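Since the structure comes first, as structure tokens, the remarks are kept for the end.
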Amino acid sequence: MKNKSDAPEFGPAPVRGSVGAPLSGARGAVLERLQRAARPVTIAGLAAEMGVHANTAREHLDALVERGLAVRERAPAQGRGRPAWRYAAAADRLEPDVRVRDYAALAGALAGHLTRTAADPAAEGLAAGRDWGRTLVAHRPAVGPATSPRHGVVDLLDELGFAPEADAAATTVALRRCPLLDAARQYPEVVCQVHLGIVRGALEHSGGDPEPTALLPFAEPGACRLHLDTTLAGGGTDE
């Protein structure tokens with residue numbers, strides 16, 4: 001007989017690297033710089049770009065390496081002396097996208113506030129998420145006509161750290177990770193509606209139909225289930 005603890009846990013896993021103390025504003029800015037860099041950066045280059053002392057830049061970079069959020073390697077040797085260290089963001093993006101990282105610190109407080117004060121916390125969360133979804137898409141690089149609105153939403157969710165696994169038509173998506181998992185477990189009626197709102201706002205801004213969408217929180221072992229077109233996927237409720 002299996003122990004109860006051996007049963008698979010329903011719902012997604014947390015975003016890797018989000019466990020532990022949140023990054024400070026300065027260290028988060030360094031990580032964001034690494035994530036956006038086209039090539040590895042040196043301590044001297046980062047210090048000059050950010051206007052800080054080289055020792056400060058080194059401290060932030062080495063701390064990110066220690067947490068698994070960045071990697072470092074020696075630059076190719078050129079002449080005498082030891083080559084400089086070069087730093088880059090970890091390839092598997094252990095830390096959530098900066099947009100989610102900044103939001104995550106306030107998510108629990110916001111959800112708790114809506115739960116206590118809003119007449120309809122779920123509706124308020126859905127509306128807030130919808131506004132945020134439109135904003136996120138508006139600030140993304142334009143995609144080509146070959147990318148459907150549904151596939152564009154899947155790409156956005158991947159950037160935000162949800163580790164989506166979609167079918168070929170992007171009608172149904174397993175969300176394997178959640179950057180706001182603790183808040184979602186405590187206030188699912190708000191946080192999960194925010195996530196559904198993000199999807200609907202992104203679809204709407206991209207020219208898709210936001211209404212036949214549904215999010216099933218903690219629906220299966222290891223994932224939440226997102227339907228981007230319930231008329232095709234055949235499942236779920238939207239509230």
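Quick look at the values:
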quantity: Any hit, the range 20-41, residues being modelled with pLDDT of 70 or more, in contact with a Phe, Trp or Tyr (Cβ under 8 Å, 6 or more places away or on another chain) and among the aliphatic types (A, V, I, L, M); calculated: yes
quantity: Which listed residue is touching a residue at least 12 places away in the same chain (Cβ under 8 Å), in contact with a Pro (Cβ under 9 Å, 6 or more places away or on another chain) and aliphatic (A, V, I, L, M), from Leu126, Leu114, Leu136; calculated: Leu114
quantity: Whichever residue in the range 154-173 is modelled with pLDDT of 90 or more and in a loop (DSSP other than H, G, I, E, B) and, among such residues, is surrounded by the most Cβ atoms within 10 Å (Cβ to Cβ); calculated: Ala170
quantity: Given (1) over 23 Å from His113 (Cα atoms); (2) modelled with pLDDT under 90; (3) in contact with a Ser or Thr (Cβ under 9 Å, 6 or more places away or on another chain), number of the condition Ala146 does not satisfy; calculated: (3)
quantity: Filter result for the condition that a residue is over 19 Å from the mean Cα position of the chain (by Cα), at pLDDT 90 or above and charged (D, E, K, R), over Glu204, Glu239; calculated: Glu204
quantity: Of all residues in the range 62-80 being surrounded by fewer than 17 Cβ atoms within 10 Å (Cβ to Cβ) and at pLDDT below 85, the one that is nearest to Val41 (Cα to Cα); calculated: Ala75
quantity: Yes/no for Arg140 being assigned by TED's automatic domain parsing to the domain that holds Ala219, basic (Lys, Arg) and crowded, with 17+ Cβ neighbours inside 10 Å; calculated: no
quantity: Which listed residue is at pLDDT below 80 and outside the structural domain of Gly222 (by TED's automatic domain parsing), from Pro83, Pro14; calculated: Pro14
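The values are calculated or read from the model by the stated rules, or taken from the named source; none is laboratory data. None of these values were measured; they are calculated from a predicted model. For neighbour counting, all protein chains shown are included, and Cβ atoms are generated from backbone atoms with ideal geometry for every residue, glycine included.
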